[in-house]
Amino acid sequence: MCTLALIGTALSVGGALAEGQQSRQMADYQAKAYEQQAQADAQSAAFEQSQERHKQDLLQAQARAQAGASGVAISGSPSEVLAANARQGQLDIQAIQYGSQLRQNNLTTQAAISRFSGKQALGASIFKAGGNLVSGLSGIYDPSKAIKFGGSALSDPWAGMR
């Protein structure tokens, strides 16, 4: 009976530790997935910025060509329009970068939270295993089978020798 109780306690302790380790592994896997998403977003934003720069270059070239074809010199109003278009194009590119950076920060934070949760789960499993061990071992002790000296199981065995 005692052997079965010890085996059950050992299995309970081992199960609690394994559960914590699995939770940590899953949290680490999720963190890596978040980091990969952040990296993919950075690459996507770089491509989108490149496309936006190309589009802005084409728009600027088209505006210069139209101004030149109309016979207007590229000074005064037309140059101000071109400059304003260039500034707006730069703002659009910066907005793409800013949005990407926000998404990357969010994903990096999620990765850190996931790793922290994994560490917490591992720590909690150690406490759970300790509790299972204490509970299991206390269930094995049977005071009626304890060696008795004197009147009770708790009496001082050396009391009569002093």
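Worth pointing out:
- The residues of segment 41-112 have, on average, 66 Å² of accessible surface per residue, using a 1.4 Å probe with all protein chains present.
- Accessible area of segment 1-72 belonging to carbon and sulfur atoms, whole % at 1.4 Å probe: 57 percent
- Gyration tensor (alpha-carbon) shape descriptor, segment 1-54, a/c threshold 1.5: prolate
- The aspartates and glutamates within cross-link reach of K128, meaning a Cα-to-Cα straight distance under 17 Å and a gap of 8 or more places when in the same chain, are E19.
The values are calculated or read from the model by the stated rules, or taken from the named source; none is laboratory data. Remember, it's a predicted structure, so these values are computed and weren't measured experimentally. To get the accessible areas, we keep the full protein, side chains included, count just its heavy atoms, and leave off ligands, DNA and RNA. Shrake-Rupley method; radii C 1.70, N 1.55, O 1.52, S 1.80 Å.
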